[in-house]
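Asks: First the structure, which I've put down as structure tokens, then a few questions once you've had a look.
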Amino acid sequence: MTHTELSTQSHVPRPWYENAVFYQILVGVFNDTAGEGIGTLKGVEEKLDYLQWLGIDCLWLSPFYASPLRDDGYDISDYLTVHPEYGTMEDFEDLIAAVHARGMKLITDLALNHTSMDHYWFQESRKNPEGPYGDYYVWGDDPDRYPDIRIIFTDVESSNWSFDEVRGQYYFHRFYKEQPDLNYDNPAVHEEVLSLVDFWMGKGLDGFRLDAIPYLYERDDTGGESIPETIEFIEKLRVYMDEHYPDAFMVAEANQPPAETREYFGDGNRMHMVFNFPLMPRLYQAIATSQASPIEEIMPELLHLPPGTQWGNFLRNHDELTLEMVSEFERDLLYSAFLPHDSMRAHLGIARRLAPLMDNDRAKIELMFALMFGLPGAPFVYYGEEIGMQDDPSLQDRDAVRTPMQWEPGPGAGFTTSETPKRPIVGGFGLSVAEQRHDPDSLLRFVRSLIAARKAHPEIGIGNYESIAVTEPSLLAILRTLKEEDRVIASDPLGSAPLVCLYNFAPYPIDIPKQALTPLGGVGHVEIGSEHGVSEVRAGDAIPAFGYLWLSALYSA
Ligand code: GLC
């Protein structure tokens with residue numbers, strides 16, 4: 001598929017990623033085919049049937065490269081090698097071929113800001129300052145330099161500098177001390193990056209997630225985030241990608257304040273996609289306060305993106321529910337709603353999965369999914385969230401949300417035959433894929449039908465967004481229509497059907513106000529949830545507590 005085709009069935013000439021549904025996998029905890037208690041690349045391949053059945057278009061593999069796993073693989077010790085516990089390069093090649101054979105896509109994670117200290121470059125750099133790798137990292141004699149650069153893992157590290165006995169100098173690191181930052185002032189580092197991009201793109205990848213991308217450069221008297229030198233490097237990388245791999249795309253992890261986050265799109269010449277860090281905490285805030293305003297207030301800042309770019313929407317990922325960029329007031333509010341116990345804290349955020357965050361309340365979980373799938377952007381499902389997986393707060397750091405996928409009931413959860421899985425399996429009756437797959441009322445089946453409904457409405461991902469004014473503060477009412485330029489096939493009934501999305505954040509039912517249905521001509525038809533016996537909706541009908549409705553006028557008489 002090329003950039004001019006969509007991954008949905010519509011005929012809209014849009015880049016494939018703009019409306020794709022993504023699924024994040026941590027290879028080591030997904031599916032073990034070796035019986036060692038550790039997931040493998042072969043294990044991912046074995047589950048492609050499932051992912052396709054669910055409606056996933058593109059897989060994102062978190063790092064599976066050689067690594068001492070101090071930071072679960074985000075500390076890479078060799079970019080060009082598969083971690084032996086996960087399999088071989090041949091397994092990776094088989095996986096990508098199998099993904100493509102199904103018309104699906106695959107992206108991988110690139111952590112370019114830093115390496116593991118076990119990386120050969122760092123080992124050489126510390127031993128031989130005058131050698132070819134001497135200048136690959138950020139060395140210095142003054143551990144007080146860059147005082148304005150924040151420490152990200154504040155609860156573990158007290159400085160961004162650590163002393164290296166071998167070299168007799170300090171090295172700079174934004175994350176754990178085992179993850180020294182690469183020196184982007186050295187052109188040789190740029191060459192290394194481009195060559196590893198070539199290596200992986202040569203395997204047929206469809207793109208990359210760029211980890212921790214705001215932090216590449218350091219400069220005195222700056223906070224060292226999103227500074228012009230870093231943006232310039234991103235533009236250089238984009239030019240390189242466009243020239244050599246025009247169908248590939250890059251999604252940025254840029255956890256920055258909203259206006260700064262948008263900088264990563266440039267005018268369409270930087271990242272194709274940026275994770276929607278500005279929106280994510282607002283979804284939780286809306287649930288916590290029963291108010292639609294946290295979402296309504298941020299939306300205007302998120303619209304009107306440059307052509308060819310898109311938000312990557314997410315509810316959870318492998319990290320803590322990050323609260324770095326919210327105000328102190330909002331952080332306290334979210335702590336009091338979602339952090340009942342300090343053992344669940346990781347860094348500044350909360351290491352819990354979606355279902356437990358929602359008190360396992362099915363309505364709230366569905367509401368959150370409906371928001372992620374219904375707001376403008378491309379949705380990213382974190383493995384296990386589609387079955388309401390639980391977490392294990394007794395595990396260190398963010399491992400609480402990185403436990404093995406539950407495929408079947410019983411010991412090993414269908415994840416492994418080993419009695420000693422790498423991480424404990426979190427129990428839970430009825431939580432496995434096998435139990436939910438054939439139960440039409442399961443969360444899994446719900447998520448699957450939501451994905452299908454979304455795919456039937458390309459205006460959700462790429463259409464116009466208009467807020468419908470309603471008086472009830474707990475109700476979010478939105479009108480979605482396809483943009484004029486996207487209505488290429490006039491005979492396509494979906495091309496012109498407006499969609500009204502209503503979300504109720506109140507813990508009680510709300511009557512649908514008349515003005516919410518005006519764009520539909522007064523009567524709405526339920527797009528999803530019709531298995532509950534509702535098909536036609538009129539003003540005055542109730543939306544249940546924490547309920548939502550996607551309504552169209554498609555079949556109105
Ligand atoms: C990103 C990753 C996180 C990792 C950090 C350092 O934020 O998502 O898991 O710890 O970068 O690589």
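The values are calculated or read from the model by the stated rules, or taken from the named source; none is laboratory data. The shown structure was predicted, so the numbers you read here are calculated from the model rather than taken from an experiment. Quick reminder, even Gly has a Cβ in these numbers, built from the backbone with ideal geometry, and neighbours come from all protein chains shown.
Asks: Taking the criterion of being part of a loop (DSSP other than H, G, I, E, B), over 22 Å from the mean Cα position of the chain (by Cα) and over 30 Å from R480 (Cα atoms), would at least one residue in the range 396-405 satisfy it?
Replies: The answer is no; no qualifying residue exists.
Asks: Every residue in the range 99-113 that is part of a loop (DSSP other than H, G, I, E, B), more than 16 Å from the ligand (Cβ to nearest atom) and either touching a residue at least 60 places away in the same chain (Cβ under 8 Å) or among the polar types (S, T, N, Q) (or both), please.
Replies: Within the range 99-113, the first condition is being part of a loop (DSSP other than H, G, I, E, B), and the residues that meet it are 102-104, 112-113.
From the residues that got through so far, the ones that are more than 16 Å from the ligand (Cβ to nearest atom) too are 102-104.
The one that is part of a loop (DSSP other than H, G, I, E, B), more than 16 Å from the ligand (Cβ to nearest atom) and either touching a residue at least 60 places away in the same chain (Cβ under 8 Å) or among the polar types (S, T, N, Q) (or both): G103.
Asks: Anything in the range 365-414 that is among the β-branched types (V, I, T) and more than 27 Å from P544 (Cα to Cα)? List them, or say none. Break it down into steps so the answer makes sense when it comes.
Replies: Narrowing the range 365-414 to residues among the β-branched types (V, I, T): 365, 381, 387, 401, 403.
Of everything in the range 365-414, those that are among the β-branched types (V, I, T) and more than 27 Å from P544 (Cα to Cα) turn out to be V401, T403.
Asks: I need the full set of residues from the range 74-94 which are more than 16 Å from the ligand (Cβ to nearest atom), under 25 Å from L237 (Cβ atoms) and either buried (at least 22 other Cβ atoms within 10 Å of the Cβ) or among the aromatic types (F, W, Y) (or both), in order please.
Replies: Within the range 74-94, F92 is the sole residue that qualifies.
Asks: Does the range 42-54 contain at least one residue that is at pLDDT 95 or above, within 13 Å of the ligand (Cβ to nearest atom) and surrounded by 18 or more Cβ atoms within 10 Å (Cβ to Cβ)? It would help to see each step written out before you state the result.
Replies: Of all residues in the range 42-54, those at pLDDT 95 or above come to 42-54.
Subsequent filtering for residues that are within 13 Å of the ligand (Cβ to nearest atom) retains none.
No, the range 42-54 contains no residue that is at pLDDT 95 or above, within 13 Å of the ligand (Cβ to nearest atom) and surrounded by 18 or more Cβ atoms within 10 Å (Cβ to Cβ).
Asks: Among the aliphatic types (A, V, I, L, M) and within 16 Å of the ligand (Cβ to nearest atom), is that true of L302? Reasoning before the result, please.
Replies: Working: among the aliphatic types (A, V, I, L, M): yes; within 16 Å of the ligand (Cβ to nearest atom): no.
In short, no.
Asks: Condition (residue is hydroxyl-bearing (S, T, Y), at pLDDT 95 or above, part of a loop (DSSP other than H, G, I, E, B) and within 16 Å of the ligand (Cβ to nearest atom)) applied to the range 116-126: is it met by at least one residue? Step through it out loud before you land on a result.
Replies: Going residue by residue through the range 116-126, those that are hydroxyl-bearing (S, T, Y) are 116, 120, 125.
Right, trim to at pLDDT 95 or above and you get 116, 120, 125.
Next, only the ones that are part of a loop (DSSP other than H, G, I, E, B) stay: 116.
After this cut, where a residue has to be within 16 Å of the ligand (Cβ to nearest atom) as well, the list is 116.
Looking through the range 116-126, at least one residue is hydroxyl-bearing (S, T, Y), at pLDDT 95 or above, part of a loop (DSSP other than H, G, I, E, B) and within 16 Å of the ligand (Cβ to nearest atom).
Asks: To continue, here is another question. Which of the residues spanning the range 389-430 are touching a Gly at 6+ places or on another chain (Cβ under 6 Å) and surrounded by 18 or more Cβ atoms within 10 Å (Cβ to Cβ)?
Replies: As a first pass, look at the range 389-430 and keep what is touching a Gly at 6+ places or on another chain (Cβ under 6 Å): 390, 405, 407-408, 416-418, 420-422.
Once the filter is applied, which keeps residues that are touching a Gly at 6+ places or on another chain (Cβ under 6 Å) and surrounded by 18 or more Cβ atoms within 10 Å (Cβ to Cβ), the range 389-430 yields Q390, M405, W407, T416, P421, K422.
Asks: Applying the selection to the range 348-358, what residues are assigned to a loop (DSSP other than H, G, I, E, B) and buried (at least 19 other Cβ atoms within 10 Å of the Cβ)? Walk me through how you get there before you give the answer.
Replies: Let us first name the residues in the range 348-358 that are assigned to a loop (DSSP other than H, G, I, E, B), namely 348, 351-353, 358.
Scanning the range 348-358 gives A351, R352, R353, M358.
Asks: Moving on. Which residues, counting only those in the range 125-159, are in contact (Cβ under 8 Å) with a residue 12 or more places away in the chain, under 25 Å from A188 (Cβ atoms) and of a type in the set (D, E, K, R)?
Replies: R126, K127, D135, D141, D142, R145
Asks: If you don't mind, there's one more thing I want to ask. Could you tell me whether any residue of the range 139-160 is part of a helix (DSSP H, G or I), modelled with pLDDT of 95 or more and among the hydroxyl-bearing types (S, T, Y)?
Replies: Pass one, the range 139-160, residues part of a helix (DSSP H, G or I): none.
The answer is no; no qualifying residue exists.
Asks: Okay, next question. Conditions: (1) over 19 Å from S226 (Cβ atoms); (2) within 16 Å of the ligand (Cβ to nearest atom). V138 meets all but one. Number of the miss?
Replies: All conditions pass for V138, except number (1).
Asks: Hey, another quick one. In the range 211-228, how many residues are of a type in the set (V, I, T) and touching a residue at least 12 places away in the same chain (Cβ under 8 Å)? Spell out the reasoning first.
Replies: Within the range 211-228, the first condition is being of a type in the set (V, I, T), and the residues that meet it are 213, 222, 227.
Among the residues that remain, those that are also touching a residue at least 12 places away in the same chain (Cβ under 8 Å) are: 213, 222.
Count: 2.
Asks: State which residue pairs qualify: first residue closer than 12 Å to I227 by Cα and modelled with pLDDT of 95 or more and inside the range 250-264, second residue of a type in the set (K, R) and away from the ligand (no atom under 16 Å from the Cβ) in any location, beta carbons under 8 Å apart, and separation of 6 or more residues or different chains.
Replies: Qualifying pairs under 8 Å: E263/R270; Y264/R270.
Asks: Quick one: L517 ticks every box in (1) part of a helix (DSSP H, G or I); (2) modelled with pLDDT of 95 or more; (3) touching a Gly at 6+ places or on another chain (Cβ under 6 Å) except a single one, so which number is it?
Replies: So the condition that L517 fails would be (2).
Asks: In addition: Is there a residue being modelled with pLDDT of 95 or more, more than 28 Å from L502 (Cβ to Cβ), away from the ligand (no atom under 16 Å from the Cβ) and in contact with a helix residue (DSSP H, G or I) (Cβ under 9 Å, 6 or more places away or on another chain) anywhere in the range 271-292?
Replies: The first filter runs over the range 271-292 and keeps only residues modelled with pLDDT of 95 or more, leaving 271-292.
Applying the additional criterion that residues be more than 28 Å from L502 (Cβ to Cβ) yields 271-272.
Okay, now just the ones that are also away from the ligand (no atom under 16 Å from the Cβ), so 272.
Among the residues that remain, those that are also in contact with a helix residue (DSSP H, G or I) (Cβ under 9 Å, 6 or more places away or on another chain) are: 272.
Yes - at least one qualifying residue is present in the range 271-292.
Asks: While we're here: With the checklist (1) under 20 Å from the mean Cα position of the chain (by Cα); (2) away from the ligand (no atom under 16 Å from the Cβ); (3) not hydroxyl-bearing (S, T, Y) in hand, flag the one item I350 doesn't pass.
Replies: Every listed condition holds for I350 apart from (2).
Asks: Scan the range 173-193 and tell me whether some residue there is under 30 Å from A378 (Cα atoms) and surrounded by fewer than 16 Cβ atoms within 10 Å (Cβ to Cβ).
Replies: No.
Asks: Still on this structure, I have one more. At least 2 residues that are at pLDDT below 90 and either closer than 21 Å to D32 by Cβ or not hydrophobic (A, V, I, L, M, F, W, C) (or both) in each: list the helices (runs of 4 or more DSSP H) lying fully within the range 406-485 that qualify. Steps first, answer last, please.
Replies: Details: elements: 433-437, 443-455, 458-462.
The helices (runs of 4 or more DSSP H) meeting that bar are 458-462.
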